[in-house]
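Working notes for the structure below.
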Amino acid sequence: MKNIPNTNMINNLPIYWSRDYVLDSGVETRTKSGPLAKILLNGEVPGVEIIAPLLATREELLVIHDEKYVDRLLSGNVDLARSILASTGGVRDALDAMFINGRSGSLSSGLHHAKHMHDEGLCYINGLALAALRAIKLFGAIKVGILDTDSHCGGGTFQLVGENENVVLSDVSCNSYDVWQPNSKRHHLEIVGNAGDYLDAVKRGLTHIEGVDALIYNAGMDPFEGCSTGGMRGITHEVLAERERLVAQWCEDTRTPAMFVLAGGYGGPNLDLDGVARLHLPTIREFARIQNSTNING
Ligand SMILES: [Zn+2]
């Protein structure tokens, strides 16, 4: 690794978020970080620190997206543009913090379906691809892993960085939306058919990323059976808590720097916005736990 930022390490898990992330759109992708941040600011999960990111710049977006698309987005709805720049800035800042601290996260979501020239599936800017390229170009990472456990497939990420020799993709899905075709040993995609196979599939997804220098984790909670979009019967709170434990344990055992973003997680007949926000707490609890139990730089 090179270019490790000259910033002080903090003991708590740094999590990037600002009010600019939240857009009163009625779509959980851009609303759920508000109640989730409130839960964290109230101290419900010990050992985390909420930090406001700097906005992403147009130039940063152009590293992965088409110029006309980016300019159309930035000159369109002012509130949406600000939400996109804030939440993409949070992904970038979380990546930088990961290389200082070992662990980090951003309450960003709406990333993995975004394509080079257009938005798709509630995703505008592919922060996963942006972070992976930054890890390679700025921090000298040789192998960057992207683990995607959102219920839907990450076809946008595949389009943007699937051909990059330094990127290892591991996608464990429950739904064929935005499916992509693996065409390299660096690629792993599994669409789980029933809940009984789910955790074994997650283990296979983790095996695939063995040996990466850093992990970018798209921690989707929409496989949860209570989500009306993406949910699979039998994938319960307990199953998802175990999934997050497995991912965190892998990071700890392999001493791999890791950052998370939120990905999917949607309401349902018995799931309100606060319930959707709370779906994401296991990811944060596990990352906070491993932040406190490991010193990967030591
Ligand atoms: Zn999804």
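The values are calculated or read from the model by the stated rules, or taken from the named source; none is laboratory data. The shown structure was predicted, so the numbers you read here are calculated from the model rather than taken from an experiment. Note: ideal-geometry Cβ built from the backbone for every residue, glycine included; neighbour counts use all protein chains shown. For the accessible areas, the whole protein counts, side chains as well, though only heavy atoms, and no ligand, DNA or RNA atoms are used. Shrake-Rupley method; radii C 1.70, N 1.55, O 1.52, S 1.80 Å.
Worth a mention:
- When the stretch 128-158 is filtered for residues that are within 18 Å of residue 61 (Cα to Cα) and of a type in the set (S, T, N, Q), only 157 remains.
- Filter pass, residue 176 being in contact with a Leu (Cβ under 8 Å, 6 or more places away or on another chain), of a type in the set (Ser, Thr, Tyr) and farther than 22 Å from residue 101 by Cβ: no
- Residue list for the stretch 38-94, filter: on the phi < 0 side of the Ramachandran plot, of a type outside the set (A, V, I, L, M, F, W, C) and outside any helix (DSSP H, G or I): 42, 44, 46, 49, 53, 57, 65, 66, 75, 76, 77
- Pairs where the first residue, in the stretch 137-151, is on the phi > 0 side of the Ramachandran plot and the second is of a type in the set (A, V, I, L, M, F, W, C), C-beta under 7 Å, 6+ apart: 140/1
- Selection from the stretch 258-285 of residues that are under 15 Å from the mean Cα position of the chain (by Cα) and either within 16 Å of the ligand (Cβ to nearest atom) or over 13 Å from residue 14 (Cα atoms) (or both): 260, 261, 262, 263, 264, 265, 277, 279, 280, 281, 282, 283
- For beta carbons closer than 9 Å, sequence separation of 6+ or different chains, a first residue in the stretch 76-90 that is of a type in the set (Lys, Arg) and a second that is in a helix (DSSP H, G or I), the qualifying pairs are 82/20.
- Residue 156 vs. criteria closer than 17 Å to residue 235 by Cα and under 18 Å from the mean Cα position of the chain (by Cα): no
- Test for residue 122: is it within 16 Å of the ligand (Cβ to nearest atom) and more than 14 Å from the chain's Cα centre (by Cα): yes
- Of the residues making up the stretch 143-159, just one is within 16 Å of the ligand (Cβ to nearest atom), part of a helix (DSSP H, G or I) and open to solvent by 10 Å² or more (accessible area, probe 1.4 Å), namely 158.
- Within the stretch 102-142, the set of residues being in a helix (DSSP H, G or I) and buried (at least 24 other Cβ atoms within 10 Å of the Cβ) comprises 127, 128, 129, 130, 131, 132, 135.
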